[in-house]
1. Since residue 116 meets every condition but one in (1) within 25 Å of residue 229 (Cβ to Cβ); (2) part of a helix (DSSP H, G or I); (3) at pLDDT 85 or above, which condition does it not meet?
2. Just checking, does segment 74-95 include any residue being crowded, with 21+ Cβ neighbours inside 10 Å and at pLDDT 80 or above?
3. Residues that are more than 15 Å from the chain's Cα centre (by Cα) and farther than 21 Å from residue 47 by Cβ: does segment 175-192 have at least one?
4. Test of understanding: among 197, 103, 212, 137, which residue is over 30 Å from residue 51 (Cα atoms) and either surrounded by 15 or more Cβ atoms within 10 Å (Cβ to Cβ) or over 13 Å from the mean Cα position of the chain (by Cα) (or both)?
5. For segment 155-248, which fully contained helices (runs of 4 or more DSSP H) count at least 2 residues that are in contact (Cβ under 8 Å) with a residue 24 or more places away in the chain?
6. Of the numbered conditions (1) modelled with pLDDT of 85 or more; (2) out of contact with any helix residue (DSSP H, G or I) (no Cβ under 7 Å at 6 or more places or on another chain), residue 163 satisfies every one except a single condition; which is it?
7. For residue 177, indicate whether it is farther than 26 Å from residue 97 by Cα and surrounded by fewer than 20 Cβ atoms within 10 Å (Cβ to Cβ).
8. If residue 128 meets every condition in (1) modelled with pLDDT of 90 or more; (2) assigned to a helix (DSSP H, G or I) apart from one, which number is that one?
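The values are calculated or read from the model by the stated rules, or taken from the named source; none is laboratory data. No experiment lies behind these values; they were computed from the predicted model shown. As a convention, Cβ positions derive from the backbone with ideal geometry for all residues, glycine included, and neighbour counts pool all protein chains shown.
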């Protein structure tokens, strides 16, 4: 537990020292929120959907956790390239603890960035239907952040090329985001899209966050939580195994 805490704290300090990069990660979600929220707002309202800002804001908050969590794995590739990871791995602590600590650190940063985007959403006009549900929102947001940070860390543990990691992440992130229901309702989709969205792990995070903030839950809280919890256990287990086999 002490090793996990040390790695978690180290990750937070590392991100705090690179505040410019943290701000950079917020640019794209805020652009999506403003450009799409206000750009498609009149069309969405004319179609009888109400306020598009109310609908899209939870998806953009989940998007922030996805983007930040996935790209946090770049730290592992960077450390491998410059030898910093070797110094950590030769320490007399479990590599599984190192992996979990790094994942917790990246997930915590992603959670903080999601909270910042939530505040921006409030500024542009988004309003939760029940403030009592906000703690539950943060729990689901952290689950999304932890899931995709663990996935990114697992992938990064097997990569040596720094240029390959961003390419792989972009290849994964865009389909995950656009096919999660973050930008459009999951009701009345074509059968093929219904299957894809059900197979998309981000769909369950978006659905849960939207449900706690707006009351529009499609899949159900228990299913959302269960799927994400199971995936976290699976991916963390795989990531721990891969990380334990990293060569120093």
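1. For residue 116, the exception is condition (1).
2. The answer is no; no qualifying residue exists.
3. Yes, because at least one residue in segment 175-192 is more than 15 Å from the chain's Cα centre (by Cα) and farther than 21 Å from residue 47 by Cβ.
4. Going through 197, 103, 212, 137 in turn, the sole match is 103.
5. Per the criteria, 164-178, 201-214, 221-244.
6. Result: residue 163 fails condition (1) only.
7. no
8. All conditions pass for residue 128, except number (2).
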